[in-house]
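Coordinate-derived values only; no laboratory data. Here the structure is a predicted model, which means the values were calculated and not measured. Backbone-built Cβ (ideal geometry, glycine too); neighbour counts: all protein chains shown.
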Amino acid sequence: MLFDLTGKTAVVTGGSRGVGLMAARGLVAAGARVYLVSRDAAACEAAAVELGTQGSVVPLGRDLSTPEGCAAFSAELASHEEQLHILVNNAGATWGAPLESYPLSGWDKVVDLNLRSPFLLVQGLLPLLERAGSADDPARIVNVGSIDGLRVPRMQTYAYSSSKAGLHHLTRVLAVELGRRHITVNAVAPGPFESKMMASTLAEQQDRLEQAVPVGRIGRADDIAGVMVYLTARAGAYVNGAVIAVDGGLSLVCEA
Ligand SMILES: NC(=O)c1ccc[n+]([C@@H]2O[C@H](COP(=O)([O-])OP(=O)(O)OC[C@H]3O[C@@H](n4cnc5c(N)ncnc54)[C@H](OP(=O)(O)O)[C@@H]3O)[C@@H](O)[C@H]2O)c1
């Protein structure tokens, strides 16, 4: 039963596609009931139809970029659920521009969604998480960071890499505080995975990236599903405050 999530309720933000959908697929397959949340309700519903053949999925079209959106979602979830066992803070955005012309609007968009919203969702959902956790089987928060928050990326994505480094450290800060309250907090730092966010990068650089990654390939859906199930199931109950690179070793390499 080390990897079983039967009876658990989970939220995956940005679960409609990409890394979030990969995470949701793993949690559903392991038995969890999963709320998929992103702005595009139709995309959430399509994902829920796909995953629904394997288990229970609830699609919700909601904007989590603002404090009001995070508060409204937290209140809505509390009206449906007594407890929340698993929160995956995955929704994210990026922005690239030269240093001199990097726009304030791009900075705010990225930092608000990637760093502020995970904090606000933890605040808003804390009562549900505390009700779900016990000393033997804590509730779990998994923040989706990035290897760009571990090492300096090649692209001029100043807000993105800073927000991810901030999210990794917020993970550690919250792990110390919430561990005592029977909630673990960990982060996953993915390397390159196919997604809308990565589409143009992979179109231009997939060959170079595959050569740079020590295991010789970009990530696959199962790579995300596996680490998510590990961190949220009994197997990962004693892991707290970790930032786990899921990158085939790419973050260890000096790329020319
Ligand atoms: N793909 C990679 O190689 C990679 C590598 C490292 C880290 N990551 C991280 O993985 C996470 C997912 O990225 P991805 O690559 O899968 O990108 P993606 O395909 O663009 O997915 C982003 C997800 O976030 C949702 N989202 C965006 N803005 C939102 C908002 N305001 N409110 C609610 N949901 C919102 C999107 O749905 P809507 O547009 O419908 O809102 C979508 O479901 C991000 O945190 C990213 O930084 C990805």
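As a footprinting exposure proxy, order 63, 247, 222, 4 by other Cβ within 10 Å, with the fewest listed first.
Working: 63 17, 247 24, 222 11, 4 14.
Final ranking by Cβ density, sparse to dense: 222, 4, 63, 247.
Per residue of the chain, the DSSP helices (runs of n ≥ 4 H) give a summed -39500 (n - 2.57) that works out to -14000 deg cm²/dmol at 222 nm.
In a solvent-free Debye calculation with one equal scatterer on each Cα, what is log10 I(q)/I(0) for the chain at q = 0.12, 0.16 Å⁻¹, listed in the order of the q values? Here log10 of I(q) over I(0) equals -0.65, -1.20. Each other residue within a Cβ distance under 12 Å of residue 6 adds +1 if Lys or Arg and -1 if Asp or Glu, for a net charge of +2.
Write down, largest first, the equivalent ellipsoid semi-axes of region 147-256 in whole Å, where each equals the square root of 5 times an eigenvalue of the alpha-carbon gyration tensor.
Working: eigenvalues 146, 54, 25 Å².
Semi-axes, largest first: 27, 16, 11 Å.
Sorting 162, 101 from the fewest to the most surrounding beta carbons within 10 angstrom yields 101, 162.
Angle of helix 41-52 to the longest C-alpha principal axis of the chain, folded into 0 to 90 degrees and rounded to 10: 70°. Dimensions of region 90-190 based on its C-alpha atoms, expressed as ranges along the principal axes with the largest first, amount to 50, 24, 17 Å. In the chain, the longest principal axis of the Cα atoms and the axis of helix 221-232 are about 40 degrees apart. Taking a ≥ b ≥ c as the square roots of the Cα gyration tensor eigenvalues, with a/c under 1.5 meaning rounded and otherwise prolate when a/b beats b/c, else oblate, which class fits region 1-90? Oblate shape, in that a/c is at least 1.5 and b/c is the bigger or equal ratio. Of 169, 85, the sequence from fewest to most neighbouring Cβ atoms within 10 angstrom is 169, 85.
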